[in-house]
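The next block holds one structure in the form of structure tokens; read it before the comments.
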Amino acid sequence: MRKIIIAGNWKMHKTQGESLEFLQAFLPHLEDTAETREVVLCVPFTSLNFMSKNLHGSRVKLGAQNIHWADQGAFTGEISGAMLSEIGMNYVIVGHSERRQYFGETDETVNSRLLATQKYNLTPILCVGESKAQRDAGETENVIINQLQKGLVNVDQSNLVIAYEPIWAIGTGDTCEATEANRVIALIRSQLTNKNVTIQYGGSVNPSNVDEIMAQPDIDGALVGGASLEASSFARLVNYK
């Protein structure tokens, strides 16, 4: 059975103090959240240990926003699976479009990071998606299939989450139509050997569209950016109807 996962990606936002303020406002909203829904917060590295301690005993899982493929070494600015595992991580976002666009991430390095994540018994959230130029050129399907074929080499699909994030809809306010998002996510599922992989939609998910998005039969959750930064907004997404 596919797990429903609503994950917030804070990107480069919030100090530890701001993170604590968020938790104090957010956690009370989970009292009536359906037990079948998993709630995840993917926060900056500086807040991971702090959040791990403050979330102990709660139902919120914690995720990192990146991982290096090496166990250790001369990789300035990177973080290893051992470091993340030690402080109680559950998830790691891998291959987000911003990592691909701004930091030279390739399908091959994404694959290496996926394997490193699983090596430490963490669950990767693999991001795939097309740019506006690729969509306008009718290349959406080929782009995503190629990302999956290269990214999932030797990856254990029993410990995997995938997020479909059309790049043109991330942070732009332009949301992919719910039925179109569902179509692409069904395409992604057709490429997998494990049909029970949770596949999220990400790209300007907000309180006004979350109900329609989550009503789609192939969409198993959301990877949320800006709308996860405010406690009441993210609570509305977690408690979608």
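A few remarks follow.
- Residue in region 130-146 that is within 22 Å of Trp10 (Cβ to Cβ) and not hydroxyl-bearing (Ser, Thr, Tyr) present: no
- Condition check for Ala163: open to solvent by 60 Å² or more (accessible area, probe 1.4 Å) and either over 29 Å from Met89 (Cβ atoms) or in contact with a strand residue (DSSP E or B) (Cβ under 9 Å, 6 or more places away or on another chain) (or both): no
- Test: residue in region 13-35 that is under 20 Å from the mean Cα position of the chain (by Cα), of a type in the set (Asp, Glu) and open to solvent by 50 Å² or more (accessible area, probe 1.4 Å): yes
- When region 55-70 is limited to residues that are free of Cβ contacts under 8 Å to residues at least 40 places away in the same chain and open to solvent by 30 Å² or more (accessible area, probe 1.4 Å), the one that is nearest to Gln200 (Cα to Cα) turns out to be Lys61.
- Subset tally (residues that are part of a helix (DSSP H, G or I) and in contact (Cβ under 8 Å) with a residue 60 or more places away in the chain) for region 25-54: 5
- Scanning region 72-88 for residues that are without any contact (Cβ under 8 Å) to a residue 24 or more places away in the chain and surrounded by 12 or more Cβ atoms within 10 Å (Cβ to Cβ) returns Glu78, Met83, Glu86.
- The sole residue among Phe45, Phe50 that is surrounded by fewer than 19 Cβ atoms within 10 Å (Cβ to Cβ), in contact with a helix residue (DSSP H, G or I) (Cβ under 6 Å, 6 or more places away or on another chain) and not basic (Lys, Arg) is Phe50.
- One residue alone among Val153, Val143, Val205, Val197 is open to solvent by 30 Å² or more (accessible area, probe 1.4 Å), out of contact with any Ser or Thr (no Cβ under 6 Å at 6 or more places or on another chain) and among the β-branched types (Val, Ile, Thr), and that residue is Val153.
- Within the option set Asn111, Asn66, Asn54, Asn9, being in contact with a Cys (Cβ under 8 Å, 6 or more places away or on another chain) and polar (S, T, N, Q) holds for one residue only, Asn9.
- Residues that are out of contact with any strand residue (DSSP E or B) (no Cβ under 8 Å at 6 or more places or on another chain) and among the polar types (S, T, N, Q) were ranked within region 89-139; the one that is surrounded by the most Cβ atoms within 10 Å (Cβ to Cβ) is Asn111.
- The helices (runs of 4 or more DSSP H) found entirely in region 124-241 that carry 2 or more residues being within 20 Å of Ile6 (Cβ to Cβ) are 178-190, 210-214, 231-238.
- So Leu223, is it open to solvent by 30 Å² or more (accessible area, probe 1.4 Å), within 24 Å of His29 (Cα to Cα), at pLDDT 95 or above and not aromatic (Phe, Trp, Tyr): no
The values are calculated or read from the model by the stated rules, or taken from the named source; none is laboratory data. In this text, all values refer to a predicted model and were calculated from it rather than measured experimentally. Counting neighbours? That spans all protein chains shown, and the Cβs are built from the backbone with ideal geometry, glycine included. Heavy atoms of the whole protein, side chains included, go into the accessibility calculation; ligands, DNA and RNA do not. Shrake-Rupley method; radii C 1.70, N 1.55, O 1.52, S 1.80 Å.
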